[in-house]
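First comes the structure, then the notes that go with it.
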Amino acid sequence: MGLINTVPTGMRHTSRGWVVGVFLLAACGTCQWERRCCAQEKQAEELESYQLGIGFYERERYRQAAESLSAFLKQSPQSPKAENAAFVLGLSQVRLEEFAKARETFIRFLKQYPQAKRGNQARYWLGHCAYHLQDYPAAVAELGAFVQANPADTYLAYRSEEHTSELQSP
């Protein structure tokens with residue numbers, strides 16, 4: 001005779017219920033662990049994409065930087081690193097002379113991060129892109145506004161004045 005036959009009838013059901021309960025508890029614990037593990041893996045992948053993009057930019061591999069940073073921004077638009085990723089994406093596009101894309105990136109950057117530390121620099125690069133796209137009225141407006149707002153930023157102010165003086169001279 002098996003063990004089940006020796007257990008009183010009322011306890012058989014309770015025993016199975018206990019076994020099922022232990023199994024479900026173990027399964028739920030596994031699910032929670034898997035969810036935490038998967039979330040950590042996703043964060044690691046996203047961080048890797050960001051770090052690759054920044055590394056490529058620093059090594060002047062602008063095409064790979066733009067691809068990695070674009071992928072990062074699609075994966076993690078709410079990440080604390082998204083602001084920097086968006087700005088460096090715009091710089092990568094400028095270096096690739098993709099001025100129309102860079103202009104769109106900097107416009108989006110300024111809309112998404114109006115209080116960004118690099119907001120003034122983004123305005124400079126927005127004017128720089130307008131200049132290279134031969135949208136001279138926009139270039140003069142953006143670069144002129146940048147110079148007025150940032151008289152202490154001597155290098156970018158000089159570059160801005162250089163562009164605007166070229167446009168204003170006959």
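Things to note:
- Accessible area of region 108-154 belonging to carbon and sulfur atoms, whole % at 1.4 Å probe: 50
- Expected-Rg normalisation [2.2 N^0.38 Å, Cα atoms] applied to region 102-141: 1.09
- Solvent-accessible area per residue, Å², over region 61-161 with all protein chains present [probe radius 1.4 Å]: 54
- Taking a ≥ b ≥ c as the square roots of the Cα gyration tensor eigenvalues, region 46-138 comes out oblate, since a/c reaches at least 1.5 and a/b does not exceed b/c.
- Cβ-based net charge around GLY119, under 15 Å, with every Lys or Arg adding one and every Asp or Glu removing one: +2
The values are calculated or read from the model by the stated rules, or taken from the named source; none is laboratory data. All values derive from a computational prediction rather than experimental measurement. Here the Cβ is made from the backbone with ideal geometry for all residues, glycine too, and neighbour counts use every protein chain on show. Ligands, DNA and RNA are stripped out before the accessible areas are found, and what is left, the full protein with its side chains, is counted by its heavy atoms. Shrake-Rupley method; radii C 1.70, N 1.55, O 1.52, S 1.80 Å.
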